[in-house]
1. In region 142-155, which residue that is within 15 Å of VAL223 (Cα to Cα) and assigned to a helix (DSSP H, G or I) is most open to solvent (accessible area, probe 1.4 Å)?
2. Of the residues ASP107, ASP124, ASP85, only one is out of contact with any His (no Cβ under 9 Å at 6 or more places or on another chain), modelled with pLDDT of 95 or more and open to solvent by 20 Å² or more (accessible area, probe 1.4 Å); which?
3. For region 203-217, what are the residues that are within 18 Å of the chain's Cα centre (by Cα) and open to solvent by less than 30 Å² (accessible area, probe 1.4 Å)?
4. Considering only region 130-141, I want to know if a residue exists there that is over 24 Å from ARG45 (Cα atoms), assigned to a loop (DSSP other than H, G, I, E, B), of a type in the set (A, V, I, L, M) and open to solvent by 30 Å² or more (accessible area, probe 1.4 Å).
5. All but one of (1) modelled with pLDDT under 85; (2) assigned to a loop (DSSP other than H, G, I, E, B) hold for LYS20; which doesn't?
6. Search region 23-72 for residues being in a helix (DSSP H, G or I) and aliphatic (A, V, I, L, M), and hand back the single one that is farthest from ALA94 (Cα to Cα).
7. Report every pair of residues separated by at least 6 positions or lying on different chains whose Cβ atoms are under 8 Å apart, first residue within region 36-58 and open to solvent by less than 40 Å² (accessible area, probe 1.4 Å), second of a type in the set (Asp, Glu).
8. In this structure, does ASP114 turn out to be in contact (Cβ under 8 Å) with a residue 24 or more places away in the chain, of a type outside the set (A, V, I, L, M, F, W, C), open to solvent by 30 Å² or more (accessible area, probe 1.4 Å) and outside any strand (DSSP E or B)?
Amino acid sequence: MTTQALSLNDMKPALTNTDKSRRFWDRHAPKYAKSKISDLKGYERSLDRTRDYLTNDQNVLEIGCGTGKTAIAHAPYAGHVTGTDIADGMVEIAREKAADGGPLNVDFLPAPADDLGFPAATFDLAMSHNLYHLVDDVGAALREAHRVLKSGGIFITKTPCLGEMIVVMRRLVLPVMTRFYGLGNVQMFTLGEWENSLKQAGFIIEAVEFHGTAGKDTRPFIVCRKA
């Protein structure tokens, strides 16, 4: 009986989708930092609506902060803002932005959405934009957001509901793109499924708005509250 020798590739553990996402965003962080916002008016409207819920004594969290643009924009309206992101490369760029004449009441930490590392009931308000369609376990990530919020705390999301896209994009284009770029799985939930996920995680939905100004908007701006 012969034993087949294992190659180095055979001995490496398989990459999880979380690992793939971390590698993808680390690799693309410099390019992402230079990219332009595709719908600037819609983005600014979301900033304005979020500020309706901010006060200068709040401890605020942004989950999936990317290179820090939104967290830095909100910092002057809050007591303190913490941004987290799965990718070290994103966090490094966000820290550089804050250090280069940015607000003093913002900091950035690496952390996955389902394991933020903060004590329970730490934050008055949490927000996350363009994230939950990219996580492996949406329920676990939402429960973690719920855990770190204080009772009655506000949770704001602007999450792509890709299940609302036309069939050819949902079934063909997006899967091909994610495999080509090595991004891992992308969640294809509808607006109704997304709202149910928020409710199951313990949130009460208070507002559902659409701020996009360029074609069909599949990214609802949702304001929730922790009961």
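The values are calculated or read from the model by the stated rules, or taken from the named source; none is laboratory data. Quick caveat, the model's predicted, so the values are computed rather than measured. Counting neighbours? That spans all protein chains shown, and the Cβs are built from the backbone with ideal geometry, glycine included. Keep in mind that these areas ignore ligands, DNA and RNA; they rest on the heavy atoms of the full protein, side chains included. Shrake-Rupley method; radii C 1.70, N 1.55, O 1.52, S 1.80 Å.
1. Out of the qualifying residues, it is HIS146.
2. Residue meeting the stated conditions: ASP124.
3. PHE203, HIS211
4. Within region 130-141, not a single residue is over 24 Å from ARG45 (Cα atoms), assigned to a loop (DSSP other than H, G, I, E, B), of a type in the set (A, V, I, L, M) and open to solvent by 30 Å² or more (accessible area, probe 1.4 Å).
5. (2)
6. The extreme case among them is LEU40.
7. From residues that are open to solvent by less than 40 Å² (accessible area, probe 1.4 Å), the pairs are GLY42/ASP217; GLN58/ASP124.
8. Yes: the conditions hold for ASP114.
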